[in-house]
Amino acid sequence: MFDYDRYKKDLLVEVEDGILTLTLDNPEKMNANTEDMHWALSRIWDDIDADEDVRVVVFTGAGDRAFSAGGDPAHMQAMIDDPKLWRVTVREAKRLIFNMLECDTPIIARVNGHAVGFGATIALASDIIIAVEGARFGDPHINTGLVCGDGGALLWPQNIGFARAKEFLLTGELMTTQEAAAMGLINHAVPREELDTKVDELARKIAHGATRSIRLTKNVLNLPLRQLAHSLMDLGMANETLSSESADHQEAVTAFLEKRDAQFTGN
């Protein structure tokens with residue numbers, strides 16, 4: 001048995017009948033990213049990949065408001081004030097994406113609500129995405145004065161092509177999950193009352209399938225993504241670091257905390 005208790009801060013882990021349910025557990029802040037959550041997500045995939053009792057992962061968020069609302073502005077301000085925190089986050093961000101893509105265990109993202117920024121990225125790093133209708137999906141890094149270097153620029157073009165990816169990543173516009181499914185960014189958008197049935201049906205089908213062949217098939221399918229990740233993530237995180245030092249990023253964080261619109265200057 002693997003000891004998943006060390007990841008229990010802001011995460012819930014349950015294993016039953018070959019299905020590991022991994023839940024982002026910060027519902028008061030719409031499952032926004034925290035230091036503990038980020039650390040755990042950068043490491044837990046190694047354990048999951050090695051756990052022979054786990055044949056499929058259901059990756060979701062607590063409550064019914066959000067899968068993950070992305071970054072927490074208070075944490076963003078803490079990283080501005082203490083650059084050491086940012087450097088830790090950069091290392092973990094690269095490790096998180098690499099480890100999700102290198103995990104041969106299939107990952108089903110059960111997107112139970114809004115998936116924004118960091119939330120959209122970790123959903124897209126999963127293998128199959130099933131979302132509730134009516135939720136919003138998107139990556140508005142640029143609206144916080146940041147580069148979407150932590151996986152967005154890598155993953156979006158692979159699903160919907162460069163033209164559409166550029167439109168959404170350069171404007172920060174959100175879409176509905178129905179729109180995301182229609183353009184192939186995610187697999188399915190279903191009514192809330194059908195979400196659990198759809199996810200459970202697919203998870204059990206994979207869990208009761210030929211595990212070795214399923215894992216090895218995913219290994220082959222993810223090879224181009226792993227190669228791209230290793231060629232793009234260093235530049236992506238370096239550029240995001242440069243943007244984190246900008247006046248526009250500070251203005252975005254300040255504006256959010258003061259509950260007003262940001263006034264960007266391009267600096």
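Only the coordinates and a few stated rules stand behind these numbers; no lab work does. For clarity, every value in this text was computed on a predicted model and none was experimentally measured. Neighbour counts run over all protein chains shown; Cβ positions are idealised from the backbone, glycine included.
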> So what is the 222 nm mean residue ellipticity for the chain from helices alone, if each DSSP H run of at least 4 adds -39500 (n - 2.57) and you divide by all residues, rounding to the nearest 500 deg cm²/dmol?
Replying inline: -16000 deg cm²/dmol
> What is segment 21-108 by shape, rounded, prolate or oblate, if you read a ≥ b ≥ c off the alpha carbon gyration tensor as root eigenvalues and call it rounded for a/c under 1.5, prolate for a/b larger than b/c, and oblate otherwise?
Replying inline: oblate
> Of 9/84; 8/94; 166/205; 198/218; 8/259, which pairs sit farther than 30 Å apart, going by alpha carbon to alpha carbon?
Replying inline: 166/205; 8/259
>> Report for the chain the percent antiparallel among DSSP-assigned beta bridges with both residues inside it, nearest 5.
In response: 30
> Taking the Cα-to-Cβ direction at residue 175 and at residue 227 and moving 7 Å from each Cα, how far apart do the two end points lie in nm?
Replying inline: 2.7
> Quick one: length gained pulling residue 200 to residue 239 fully straight, 0.36 nm per residue minus the C-alpha distance?
Replying inline: 10.1 nm
> Given (i) 19.3; (ii) 18.6; (iii) 21.7, which label gives Kirkwood radius over Cα pairs in Å as computed from the coordinates?
Replying inline: (ii)
